[in-house]
Amino acid sequence: MSDRPDTLYADPLAQVGRFAFDKTVVAVFPDMIKRSVPGYATIIQLIGDLAERYAQSGSRCYDLGCSLGAATLAMRHRIHSADCQIVAVDNSAAMIERCKQVLDADSGPVPVELRCDDICSTEIADASVIVLNFTLQFVALAKRDALLKRLYDALRPGGILILSEKVAFDDEPHQQLMTELHHNFKRANGYSDLEIAQKRSALEQVLVPETLNRHRERLRAAGFSSVDVWFQCFNFASMIAIK
Ligand code: GEK
C-alpha cells in the first residue's frame, strides 16, 4: 500500500474547504489515518482476530466504509470458516479505485466483493461479521438509527458488529483533556499546530462524534443483547455488539 506522507494541510489555506475522501486524500490515506487515529494499527489487527472467531461458514463479512481495505485484508487472512465472502463497501469512487489495486495485489484466500455504494442503502444480508471502522461518524445523524437496525437485522444469531468511532464526552473538562491528548498524539507524529487546526476545521460538521452512551443506547435499541467497549485510547474507541 502506498504510504505518501500527508502534507494536505501543511501550508496555510486561504479558505479551508469541507473534508472529502477524494483523490488527494486517497494518495496519503494510510499515512494520514496512522498518524491521526491512536490505536488504529492495533484495532485493525484485532479485527482479524475477531473475524477469525466470529465468521460463520457460508456467511458474509462486511467492511462498511472500507477505504483502502485495511480491515478487509485483516479479515481475509484470518477467516478459516468455509465458504465465507467479504463484502467491502465505500461510497468514494477514488477510494474504491485504489482499494481494488490493493486487493488485486493481495493473494488472501477469501473472495472479496468490492462495491462503490452508500452503506445506508447497499444490500446487507446473511452476515456473521460487520465492521464499521471509523465510518459511522461520517453518516448523517438522522440516518444512524435506521442503519444500525438494518445491520442488526442482517446479522445471523451469534454474529458480531465491530463499531469504532471518534467519541465525544458530556463532561466538558474531560472532553478538553481528551482533545488535548489527541492533539499531542498528532504533534508527536509530526503534524504542526497549523495542520491540526486546518484539518479540524475541514472536519467540522463532516465527522460528527457522539458519546459512548449514545452508541450503547442505539445498539441496544437496534436489538443487540451484548454491547461493550473493547478498546479505547483518548477520544477513539471501538465497541463490540453481539446479536
Ligand atoms: C479503515 N474503515 O481503514 N457509505 C459508504 N462509505 C462511506 C460513507 C457512506 N455513507 N460515509 C463515509 N464513507 C477504514 C477507515 S475512513 C475513516 C474508514 C477516516 C467512507 C469514506 O469514503 C471513507 O473511505 C470511510 O468511510 C471513512 O479501517 O478517514 O477517519
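For the stretch 114-123, the set of residues classified as part of a loop (DSSP other than H, G, I, E, B) and open to solvent by 20 Å² or more (accessible area, probe 1.4 Å) consists of Asp117, Asp118, Cys120, Ser121, Glu123, listed by residue number. Tell me yes or no: at least one residue of the stretch 58-71 is surrounded by fewer than 24 Cβ atoms within 10 Å (Cβ to Cβ) and polar (S, T, N, Q). There is at least one residue in the stretch 58-71 that is surrounded by fewer than 24 Cβ atoms within 10 Å (Cβ to Cβ) and polar (S, T, N, Q).
Results for (1) touching a residue at least 60 places away in the same chain (Cβ under 8 Å); (2) among the basic types (Lys, Arg); (3) within 21 Å of Ala241 (Cα to Cα), shown as yes or no for each residue.
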| residue | (1), (2), (3) |
| --- | --- |
| Arg60 | yes, yes, yes |
| Ala71 | yes, no, yes |
| His77 | no, no, no |
| Cys84 | no, no, yes |
| Ala93 | no, no, no |
| Leu103 | no, no, no |
| Ser128 | yes, no, yes |
| Leu132 | yes, no, yes |
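Among the residues of the stretch 31-48, the ones that are under 13 Å from Asp3 (Cβ atoms) and either more than 8 Å from the ligand (Cβ to nearest atom) or among the basic types (Lys, Arg) (or both) come to 4 in all.
Each row is one residue, and each column tells you yes or no for (1) closer than 23 Å to Ala93 by Cα; (2) of a type outside the set (A, V, I, L, M); (3) open to solvent by less than 20 Å² (accessible area, probe 1.4 Å); (4) touching a residue at least 60 places away in the same chain (Cβ under 8 Å).
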| residue | (1), (2), (3), (4) |
| --- | --- |
| Ala10 | no, no, no, yes |
| Ala14 | no, no, no, no |
| Gly17 | yes, yes, no, yes |
| Lys23 | yes, yes, no, yes |
| Ser36 | yes, yes, yes, yes |
| Ile44 | yes, no, no, yes |
| Leu50 | no, no, no, yes |
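If the condition is being buried (at least 19 other Cβ atoms within 10 Å of the Cβ) and out of contact with any strand residue (DSSP E or B) (no Cβ under 8 Å at 6 or more places or on another chain), then the stretch 74-91 contributes only Ala74.
The values are calculated or read from the model by the stated rules, or taken from the named source; none is laboratory data. Since the model is a prediction, treat every value here as computed from it, not as a measurement. FYI the Cβ positions are ideal-geometry reconstructions off the backbone, even for glycines, and counts take in every protein chain you see. Remember, those area values only see protein heavy atoms, side chains included, never the ligands or the DNA or RNA. Shrake-Rupley method; radii C 1.70, N 1.55, O 1.52, S 1.80 Å.
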